[in-house]
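First the structure, in the form of C-alpha cells, and then the observations on it.
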Amino acid sequence: MFIEKIKLLKNLKIDESKGEMSIGGVRFLMISPELLCSLQRNLLKIGPVMERMFYDAGKDCGKEFARSVSKVFKIKDKDGFVDMCEKFGTLSGWGKLTIVEKDYDNDRYRINLSNSFLSGAGEKGKKNCYFNAGMLAGSAEIILKKEMDAVETKCASQGHSHCEFLMKPSKEFV
C-alpha cells in the first residue's frame, strides 16, 4: 500500500491562489466526517425519499471517483477495479474496505467496510450507509461498463462489527 500512497500524493495538487485541491484534475475537499453525518441525519428527517437521494448522490460521486482514479492509475480491468476499491477506498478515509467475495463471471461482489463513519449518521439499529452503497455502485459502473447497484446488507449501527454491501448488475435487483 506504500506505493499507492506515493502515487496518490504525487497526483495531489494544491493551488493556494484558487483555494483548490485536486487529484488527477478532479477537485476534492477536506471535510470532517461529522459534517457529512450531520447533513445526512438532518436530511433524513424529511423522509425515506432521502435514502434514495443519498444513494444516487453517492453513485454520482463514485462515478467521478472511478473516472479520475482509473485515469491517473490506468485501471482497465476487474482485478484493477477490486484493487482500487480496497486500496483507495481505505486510503481516502471512508473506512477499511475489503472485498470478501468476487464473482468476475457474473460481476457480483460482497464488500465489507469497517469503521464507516456513516454507520452512525442515522437511526441506531437501521442501515445507514446509503451514500457508501452508491459510491461502490457508481465506481463499478465506470470500471465494468455496465449498470450496477449495491445494497447494504449489514450495518455497524445494527450491532454488526462492520458494514456489508452486496453489489451486482442492476438488472438482478429487479
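Read the figures in this text as sums done on the coordinates, not as results from a lab. Model, not experiment: these values are computed from the prediction. Glycine also receives a Cβ, built like all others from the backbone with ideal geometry; neighbour counts cover every protein chain displayed.
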Fully extended, how many nm does the chain gain between LEU29 and CYS61 (0.36 nm per residue separation, minus their Cα-Cα distance)?
10.3 nm
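With 10 angstrom as the radius, rank VAL100, VAL82 by how many other C-beta atoms surround their C-beta, starting from the fewest. Please list the in-between numbers first.
Details: VAL100 10, VAL82 18.
The fewest-first ordering by Cβ neighbours comes to VAL100, VAL82.
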Exposure proxy check on SER70, SER139: fewest-to-most Cβ neighbours within 10 Å is SER70, SER139
Specify whether the C-alpha gyration tensor of the stretch 33-173 places it in the rounded, prolate or oblate class, a ≥ b ≥ c being the square roots of the eigenvalues: rounded for a/c under 1.5, otherwise prolate if a/b is larger than b/c and oblate if not.
prolate
Any chance you could check the Cα centroid distance between the stretch 5-60 and the stretch 98-138 for me, in angstrom?
17 Å
Taking amide hydrogens as modeled 1.01 Å from N in the peptide plane, which residues meet the under 5 Å criterion relative to PHE28, leaving out close sequence neighbours?
MET21, SER22, ILE23
Radius 10 Å from Cβ of ALA121, net charge of other residues (Lys, Arg +1; Asp, Glu -1):
-1
Using Cα positions and a limit of under 14 Å, work out the aspartates and glutamates in reach of LYS126, with same-chain residues fewer than 8 apart set aside.
GLU51, GLU152, GLU164
Counting Lys and Arg as +1 and Asp and Glu as -1 over every other residue whose Cβ sits under 10 Å from the Cβ of LEU144, the net charge comes to -1
So if a site counts as exposed when it's one of the GluC sites (Glu not before Pro), its DSSP state isn't H, G, I, E or B, and it has at most 12 other Cβ atoms within 10 Å, what's the longest stretch of the chain without one?
17-122
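What FRET efficiency do you get for LEU43 and MET21 if R0 is 25 Å and r is their Cβ-Cβ distance, rounded to the nearest 0.05?
Working: r = 25 Å, r/R0 = 1.02.
The computed FRET efficiency comes out at 0.45.
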